[in-house]
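The values are calculated or read from the model by the stated rules, or taken from the named source; none is laboratory data. Only a predicted model underlies this, so the values are computations on that prediction, with no experimental measurement involved. Positions of Cβ are backbone-derived with ideal geometry, glycine not excepted, and every protein chain shown enters the neighbour counts.
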Protein chains: 2
Amino acid sequence: MRIILDGMGGDHAPAEIVKGAAITSKLIGHEIVIVGDEEAIRRELDTVDHNSQNISIVHASEVITFDDSPVKAIRQKKDSSLVKGLMMVKEGEGDMIISAGNSGAIMTGGLLLLGRIEGIERPALGSVYPFMEKGGAGLLIDAGANSECKPHNLLHFATMGSIYMEKVLGLQSPKVGLVNMGTEPSKGGKVLKETYVLLEESRKEGINFIGNIEGRTVPTGIADVIVCDGMTGNIILKLTEGLALTIMDLLKQKFTDGAVAKIGAGLLYGKMKELKELFDYTEYGGAPILGIKHPVIKIHGSSNANAVRSGIMKAIPFVENEVIATITEAIKKVDSLEESLHGEASS
Amino acid sequence: MRIILDGMGGDHAPAEIVKGAAITSKLIGHEIVIVGDEEAIRRELDTVDHNSQNISIVHASEVITFDDSPVKAIRQKKDSSLVKGLMMVKEGEGDMIISAGNSGAIMTGGLLLLGRIEGIERPALGSVYPFMEKGGAGLLIDAGANSECKPHNLLHFATMGSIYMEKVLGLQSPKVGLVNMGTEPSKGGKVLKETYVLLEESRKEGINFIGNIEGRTVPTGIADVIVCDGMTGNIILKLTEGLALTIMDLLKQKFTDGAVAKIGAGLLYGKMKELKELFDYTEYGGAPILGIKHPVIKIHGSSNANAVRSGIMKAIPFVENEVIATITEAIKKVDSLEESLHGEASS
């Protein structure tokens, strides 16, 4: 397998990206191609231990930054590491691409350069959502690519998320929940009510739909695939991050307030560290863009070498277990279920 | 002032409701009328210290439960404590009503029996949202009454929420934020984009609109009035509760795991208690139903005597500071702003 890595995307590129690739090169038998400024990448690579059999560099002279407008950047920066990497995947010179760069550009680039899987109208961003108490993680889909969605789109998100959790994260028959303001099928607006009916029907194709789920139970891990529109997904993700940060800050304040508290906190140091690790998303790999014809994985913009390693390692089953082919087949099946339910597809 | 209290609504009614009224009767110079099963209420009242000058009972033979369908209950249970209490407010026998009962029934009862403020199409549920780190609290509006909203409705929520924070919680020029998936005015779907324009315009009428706010900053208290549709509001509220519970559970697990941790936790006992209190919504009073012609306050279904006391105390400025009259005037003004912006109101 050839894994294309955007060497220039992310806050700590190229140093941490290259370091992550170097570490990973010693753990896997696949080839990692780092795309970007050859001189800068080579210089970084020379400073870290790596398996040179597994790493190569492809030069790209431009960089897409976080400030670039996605569509403009993809159209104009033809020699950027991202566009060049995507084109390599398109032309069969790579099996998947991983980038820590501008999310909008990665999404747009995937869409414009690689194209959508047949039948998919709206690709989605899947984001790993860790279950702090239960352990493990689920997939929140859509995490922000499509602010408004039709029932048809949400059915596709459920299908793709379910396949991802099974094939990539190795979960048998992942539970699929639809985010709503109550658990009854009659809750929410027209879109959610219609989606509920479609998802009920999709059980015939093996989607393990468990019904509507509320905000309160999302963090408990009641569902492995958390289905919602991008607006809702964005709010769930960011509110979770914001609250976790707020609470950790508060703990820190409280636990350093006074001598007795400081001693107590000292005794709990190890436990606090364990707790902090539970908030660490990177252990579960990157965020897949699902619905695109080739595997595209977005890792966090602030990824360090360890997050890059985790992103690459966790993405390998995406290719090995033929996620794209499985999605392509499954979409045909759920679409025909939807057609027989409505006479024709609702969108 | 005569405060009508639904004696039969809530998990711990009538005992805790009556106890809360009894405590409050000694703190305020207003009259509290408890509506419900006279015998049961009298029995409870006899067991607790109270100021009998300030408390009276009005008998009602029926009870609306959490399992009742709101519309059906309001129409059929004419002699329920809630319907009777609402009718007393309508007929001028009470200045406001407070209930810990079925939220849907309180909303529906307010709407059907008391009616909407002129110009308001959709009344909203405002929910107190505590800012754990910064301290204090904001108002999340709508917290779940209207799953989908038009820009016009969201403008009204912003207006009403702003007045509530100023007149009831005593905040000067409260900051109003629109929940969105990014801070740029162009973010989100059609409804949010149009709402942004309306809220910008509403600054002319003194609404302190600070722009779009993201999930990440909601808990920090960046905005005092958190404006969103009921679906989004419900998710924010329930996810916040769910996460806070999850994290407190986790802390408990970690801090009782091993002898050293237990000693550390023992030393932090006081701090942990302080932390727990920050999650306590009841200190900030109940949730106002805004847009109804008379003051209606919903307190949490699990309210104990202390939450009842807090709910009553915090609701007094609602009447004293003439929130309803202020909202009525303000709605006329923002509606005419909207008309001059569009030629006609957009809904």
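Brief remarks follow.
- Every residue from the stretch A:192-242 that is without any contact (Cβ under 8 Å) to a residue 24 or more places away in the chain, in a helix (DSSP H, G or I) and in contact with a Gly (Cβ under 9 Å, 6 or more places away or on another chain): A:TYR196, A:GLU200, A:ILE235, A:LYS238, A:LEU239, A:GLU241, A:GLY242
- Matching residues, the stretch B:230-267, being surrounded by 15 or more Cβ atoms within 10 Å (Cβ to Cβ) and hydroxyl-bearing (Ser, Thr, Tyr): B:THR232, B:THR240, B:THR246
- Look at the stretch B:61-74: where a residue is surrounded by fewer than 22 Cβ atoms within 10 Å (Cβ to Cβ) and a partner is part of a helix (DSSP H, G or I), sitting 6+ places away or on another chain with Cβ atoms under 6 Å, you get B:PRO70/B:GLY104; B:PRO70/B:ALA105; B:PRO70/B:THR108; B:VAL71/B:THR108.
- Annotation note: Cβ proximity below 7 Å between a residue of the stretch A:97-111 that is modelled with pLDDT of 95 or more and a residue that is among the small types (Gly, Ala, Ser) and surrounded by fewer than 22 Cβ atoms within 10 Å (Cβ to Cβ) (sequence gap 6+ or interchain) occurs for A:ALA100/A:GLY301.
- The helices (runs of 4 or more DSSP H) located wholly in the stretch A:246-346 that include 1 or more residues which are touching a strand residue (DSSP E or B) at 6+ places or on another chain (Cβ under 9 Å) and more than 19 Å from B:ALA261 (Cβ to Cβ) occupy A:305-320, A:323-342.
- Qualifying residue in the stretch A:114-129 (condition: within 14 Å of chain B (Cβ to nearest Cβ) and assigned to a loop (DSSP other than H, G, I, E, B)): yes
- When the stretch A:216-229 is limited to residues that are buried (at least 24 other Cβ atoms within 10 Å of the Cβ) and at pLDDT 95 or above, the one that is nearest to the other protein chains (Cβ to nearest Cβ) turns out to be A:VAL218.
- Flag if B:ILE263 is within 27 Å of B:ALA15 (Cβ to Cβ) and among the β-branched types (Val, Ile, Thr): no
- In summary, A:GLU200 fulfils each of the numbered conditions (1) over 21 Å from A:MET132 (Cβ atoms); (2) crowded, with 19+ Cβ neighbours inside 10 Å; (3) modelled with pLDDT of 95 or more with the single exception of condition (2).
- Answer residue from the stretch B:42-60, given it is touching a strand residue (DSSP E or B) at 6+ places or on another chain (Cβ under 8 Å) and of a type outside the set (A, V, I, L, M) and is nearest to B:GLY110 (Cα to Cα) among those: B:HIS59
- Residues (surrounded by fewer than 16 Cβ atoms within 10 Å (Cβ to Cβ), among the hydroxyl-bearing types (Ser, Thr, Tyr) and outside any loop (DSSP other than H, G, I, E, B)) located in the stretch B:1-59: B:THR47, B:SER56
- Filter result for A:GLY92 (on the phi > 0 side of the Ramachandran plot and not basic (Lys, Arg)): yes
- Meets criteria (charged (D, E, K, R), free of Cβ contacts under 8 Å to residues at least 60 places away in the same chain and facing another protein chain (nearest Cβ under 10 Å)) for A:LYS252: no
- Checked against (1) within 22 Å of the chain's Cα centre (by Cα); (2) more than 13 Å from every other protein chain (Cβ to nearest Cβ); (3) among the small types (Gly, Ala, Ser), B:GLY211 passes all but condition (1).
- Residues satisfying the stated conditions in the stretch A:268-281, i.e. at the interface with chain B (Cβ under 7 Å from one of its Cβ atoms) and surrounded by 19 or more Cβ atoms within 10 Å (Cβ to Cβ): A:LEU268, A:LYS271, A:LEU275
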